[in-house]
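The values are calculated or read from the model by the stated rules, or taken from the named source; none is laboratory data. What you see is a predicted model, and the numbers here were worked out from it, not measured in a lab. Every residue, glycine among them, receives a Cβ derived from its backbone with ideal geometry; neighbour counts consider all protein chains shown.
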Amino acid sequence: MYDLIIIGSGPAGLSAAVYAKRAGSNLLVVEQNPMSGGQILNTYEVDNYLGMPGINGFDMGLQFRAHADRLGVPFLEAQVTGITDKGAVKIVHTRREDLETRAVLLATGAQHALLGVPGEEELSGAGVSYCATCDGAFFRGRTVAVVGGGDVALEDAIYLAKTCEKVYLIHRREELRGAKVLQEELQGLPNVEILYSHVVRQIKGSDAVEGLVLQDVKNNEERYLAVAGVFIAVGIHPLTELVQGLVSCDEAGYVLAGEDCVTDCPGIFAAGDIRKKPLRQVVTAVADGANAAVSADAYVRQLR
């Protein structure tokens, strides 16, 4: 019987693990991927985490995991298939075994949203990418497009502009949503062209991406844009399928929990990108992890 099982080992999960271990909890972190770190593993540079300006996201993930390892946090690599609430006891079902625990901390994060256009699925991995830092090197000296207008899209375009001949940034609105500092940097790059008020209607190509069919949302005119790759950064959606019906979520699937990360199901807590909140960054995920671990510890102590 565990005191706490943490599902996921991104910044929120690892932060929670550190706090829970220091509090003396009998805990286990369950992670389905071979490496901890979550989405930051695919981030080229993190420039807004206090005390670590400019750190590579992959290195940050390694440092976070190393901290937990130094404290002796136990990890299990397994896919969680479900959670059963039996009141004071929760059963975490995995493909390897069933685990009993007094509390569960959900830190499963989120994944990239899809455009949902013809050609996207067929050419995924053949020019369609959701991670510029993962796949950008394959397009050195070529022309690519980035779809989106938020921080991630702007960061991707800036990163790709360093090695690509030409980068198009395609955004459906008339103004970008990303941070002003990123907008200023992007607009100063000579090989970046921003296509406002455009959407992607189709991704063309036989064995690999060859171009995009774009539509001007103002006059509905279509045009063809020749590119060798397209990087999609149009948002994320929370990985909360495990707890649908178990805890309350909003219409987008984000778990409803306050700053204490307490859900409306006693003994289940939510931290990081899956929680409904105005800002989803590494720093807020780490804070969530700390708050969730403290809340879980208080809950478990009441059961004893």
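Annotations
- Among the residues of the stretch 135-151, those identified as over 17 Å from Gly235 (Cα atoms) and outside any loop (DSSP other than H, G, I, E, B) are Asp135, Gly136, Ala137, Phe138, Phe139, Thr143, Val144.
- Residue list for the stretch 152-169, filter: outside any loop (DSSP other than H, G, I, E, B), under 20 Å from Thr43 (Cβ atoms) and of a type outside the set (A, V, I, L, M): Glu155, Asp156, Tyr159
- Checklist (1) under 26 Å from Thr101 (Cα atoms); (2) surrounded by fewer than 23 Cβ atoms within 10 Å (Cβ to Cβ); (3) not basic (Lys, Arg) applied to Leu225, failing item: (1)
- Extreme residue, surrounded by the most Cβ atoms within 10 Å (Cβ to Cβ), among residues of the stretch 181-209 that are free of Cβ contacts under 8 Å to residues at least 24 places away in the same chain and of a type outside the set (S, T, N, Q): Val181
- No other residue among Met35, Met60 is within 27 Å of Val294 (Cα to Cα), within 15 Å of the chain's Cα centre (by Cα), in a helix (DSSP H, G or I) and in the same structural domain as Ile91 (by TED's automatic domain parsing) apart from Met60.
- Residue count, the stretch 1-21 (criterion: part of a helix (DSSP H, G or I), under 21 Å from the mean Cα position of the chain (by Cα) and either buried (at least 24 other Cβ atoms within 10 Å of the Cβ) or among the aromatic types (Phe, Trp, Tyr) (or both)): 7
- Qualifying residue in the stretch 213-220 (condition: assigned by TED's automatic domain parsing to the domain that holds Ala296, more than 21 Å from Leu279 (Cα to Cα), of a type in the set (S, T, N, Q) and out of contact with any strand residue (DSSP E or B) (no Cβ under 9 Å at 6 or more places or on another chain)): no
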